[in-house]
Amino acid sequence: MDVDKEKLTDDKLAAGSTMTLVSEKMYVGAKSKDIKSKKIQAMSEEIGAFADKTLEIQQGDGKAAVQLDGGNAAVGGGKTQVYGETTINGKTEVKDELKAPKVVGDSVEAKSAFKSKNISDGMAMGGGGGGGKLSTKLKTEDAPKE
């Protein structure tokens, strides 16, 4: 980089320049937990972070973390938000309550219960045990003998 010696700022990128840092252990922005930079900013047209075993980004004492390990990705925090169109290609398990304003699916299977406050289209089924009464227009009849 070209650095202005008086202002100690970058004038522009040095044409054709390359910087390579290689070491057994590397510490950027921190000498210890107590001695660390207040801010590190990385900006570029492309940024790549590669790890053979584990890549982890953590905020505070693990309050929020992103971990890539052994082909698995884990995202954790008090609240996780995903924006934009999202496609999930694989089996998905939800271990707590799931809320959505609209669900479109090819089929719905309920293992123990299916509840709805309002079903506007299609067929609604009673909750079992004293659900509804047959309409007075319906009468039982024997099948014709012929």
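No value in this document is a laboratory result; all are computed from the given coordinates. All figures in this text were calculated on a predicted structure; none of them were measured in a lab. We place every Cβ from the backbone using ideal geometry, glycine too, and count neighbours over all the protein chains shown.
Please state, rounded to one decimal and in Å, the Kirkwood hydrodynamic radius that segment 4-56 gives when every pair of distinct Cα atoms enters the mean of 1/r. Don't skip to the answer; put the middle values down first.
Working: mean 1/r = 0.0670 Å⁻¹.
By the Kirkwood definition, the hydrodynamic radius is 14.9 Å.
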Packing-based order for 83-94, 66-77, using average beta carbon neighbours within 10 Å, highest first: 66-77, 83-94
Label point distance in nm, Lys79-Lys102, each placed 7 Å from Cα along Cα→Cβ: 2.5 nm
Fully extended contour minus Cα-Cα distance, from Glu109 to Ile40, at 0.36 nm per residue: 19.9 nm
